[in-house]
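Chemist: Below you'll find the structure I mean.
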Amino acid sequence: MVKNKPREADGPADSIMPKDSDHKEPKDARAADVPEETVRQKVQANTSSPHRRNSPQASPPRFVSVEELMETAKGVTNMALAHEIMVNQDFEIKPAEPPEGSLERQVKEIMHKAFWDCMEAQLKEDPPSYEHAIKLLAEIKETLLSFLLPGHGRLQARIEEVLDLPLIQQQAENGALDIGHLSQFIVGMMGSFCAPCRDKDVNKLKEITEIVPLLKAIFSVLDLMKVDMANFALMSIRPHLMQQSVEYERNKFQQFLEKQPNALDYTEKWLEETAKCLRESDEEGCGAAELASPINVHNRAYLRLLKWDHASDPFPETVLMDQVRLQEMQQEVERLVLLSSVLLIVYTTTGEAISGLPGLMETLKTTVGAMLADMHMPSFNAPEAFATIGEKLCVELSSCLSRHGFPPFSADSSSGLKGQILSVIQPDNKVRALMDSRVQNYLLAVLECGQHRTPPLPGGLTPVSKELMKLAVGFSRLVNFNKLVYSPFYQKILQNILTPGESLNTET
């Protein structure tokens, strides 16, 4: 029988219902909707910083009812989920799994064990009791029918015929119910509906002969198939969601703004400070008016988010849902700056002797990258890590030079190289400042060029070109989507900040 792809659901809200991948009870004992809860926790984590409790009172506070607050919170949660689907191209639903050793996991395991033990005891009675088993068969039937496409009339009729619940109930009462036969039919149907990645899981079901373990395994695989279907639906509808998602997020934020009139205070401050910095600068011979144009203010403001002091500065409200994502991008920028700085020092110091040697750059990059993998962990010791990097690179360079017939590193050369590498940890190090400036200028050029052009890569960044381009694509996608959603709000703010009469197009 030809396998059917998971059907396209009516929409994300209807299809995103992942279940635990563990063995299951009937629906009423199952976990709640996972993605929404996951996003809710993420949003709460982003909004719990102390500065949110000390927001500037540009507008008088407005007291709202508990019902309004709950409704608003639900709207923000739904908006966060829709936003995550749009800006995260790798977004997918995963089955929930409580942390190992957590109270939730212990309760879940106890309840599941009690349920299946009870069912096993019922089946061992004389005569057997099929009360729990029939409830499970009813739920399995409902799940199988949910996988069908509108044109699968024959398959629907076959499922209805074999899993005829009144007939099954009658057979149970007369001691003629063959659960093993029904289970094998169910496994066969699952093999027809499942995605190719589930073939191995379904084949393992055919090897189980005990009824209770088989039903437990069937529920586990069915839940994975539900997740597959939801992810397929998301993949299918994502290209069609852009305009709807922009309007949805904008409307939801407008509703939130009506309940909290000062909900743009930090966004205004963010843009005002950016405009002020541009007015005070005269880089590259440009006039202050040109530097402080709406487009420049907007793009430079987004670039500032990659230098943000999250511990002390309030984050702008319009990018709050992406605060964690922007923090991760900020950390990646810092890592790439240090990595490219070290490699530039190595090749500048060593000179032509290692220039063009095959595979050396990748070897050095891997060595430094491994040492910087945990650079944002609290336990990271920068002086110790960079001292180790210097030692490892000197050993690698000496070995490489010897293999290619060059004199090995002298003690003075090694000492000098180690010292230069160790100095990179200083924020005012000239090489580090240079590479940071080039990375920032490249990301700014990506924003200015738009989605259909790629600016040239600045010198010294070739070793990290792959990582930098990936970062730039993600950053640009996030910024462009944010501009589309909040452009009306940005235009009003910039109209008050910039010279009257200027063009306020912020979507470039």
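Computed from the coordinates by the stated procedures, all read-outs in this text should not be read as laboratory data. These numbers come from a predicted model, not from an experiment. Here Cβ is always computed from backbone atoms with ideal geometry, including for glycine, and neighbour counts include all displayed protein chains.
Chemist: Local charge sum around Gln89 (other residues, Cβ-Cβ under 13 Å, Lys/Arg +1, Asp/Glu -1)?
Modeler: That works out to +1.
Chemist: Can I ask one more? Obtain the nm distance between the two label points defined at Thr454 and Ser129 by a simple spin-label model: each point lies 7 Å from its Cα along the Cα-to-C-beta direction.
Modeler: In this crude label model, Thr454 to Ser129 measures out at 6.7 nm.
Chemist: To make sure I understand, if each residue's beta carbon is the centre and we count other beta carbons within 10 Å, what order do Met435, Met371, Met377, Met469 fall in, fewest to most?
Modeler: Met377, Met469, Met371, Met435
Chemist: Relative contact order (percent) for segment 264-508, with alpha-carbon contacts under 8 angstrom and 6 or more residues of separation?
Modeler: 26 percent.
Chemist: What is the local net charge at Leu167, summed over the other residues whose Cβ is closer than 13 Å to its Cβ (Lys, Arg +1; Asp, Glu -1)?
Modeler: Summing Lys/Arg as +1 and Asp/Glu as -1 gives -4.
Chemist: Something else now. Please work out the FRET efficiency for the pair Met375 and Val473, using the Cβ-Cβ distance as r and a Förster radius of 25 Å; give the result to the nearest 0.05.
Modeler: The value I calculate is 0.65.
Chemist: Check segment 264-508 and count each lysine pair with an alpha-carbon distance under 22 angstrom, considering only pairs eight or more places apart or from different chains.
Modeler: Total qualifying Lys-Lys pairs in segment 264-508 comes to 19.
Chemist: Compute the Cα gyration tensor for segment 82-164, then decide on rounded, prolate or oblate, letting a ≥ b ≥ c be the square roots of its eigenvalues: rounded whenever a/c is under 1.5, prolate when a/b is larger than b/c in the other cases, and oblate in all that remain.
Modeler: Cα axes put segment 82-164 in the oblate bin.
Chemist: Determine, for Asp201, Asp117, Asp309, Asp223, the number of other Cβ atoms within 10 Å of each Cβ, and report the residues in order from fewest to most.
Modeler: Asp309, Asp117, Asp201, Asp223
Chemist: Something else: Cα-Cα over 25 Å: which of Lys113/Lys204; Lys108/Lys252; Lys108/Lys206?
Modeler: Over 25 Å Cα-Cα: Lys108/Lys252; Lys108/Lys206.
Chemist: Can you sort Val162, Val319 from fewest to most other Cβ atoms within 10 Å of each residue's own Cβ?
Modeler: Ascending Cβ contact count within 10 Å gives the list Val162, Val319.
Chemist: For segment 112-185 and segment 448-468, write down the distance between their C-alpha centroids in whole Å.
Modeler: Centre-to-centre distance over Cα atoms comes out at 59 Å.
Chemist: Only loop residues by DSSP count here, and only those with at most 16 other Cβ atoms within 10 Å; note down the trypsin sites (Lys or Arg not before Pro) in segment 109-158 that meet that.
Modeler: For trypsin sites (Lys or Arg not before Pro) across segment 109-158 that sit outside H, G, I, E and B with at most 16 neighbouring Cβ atoms in 10 Å, the list reads Lys124.
Chemist: Turning to a different aspect of this structure: Subtract the Cα-Cα distance of Ser413 and Thr388 from 0.36 nm times their separation in residues, and report this length gain in nm to one decimal.
Modeler: 7.4 nm
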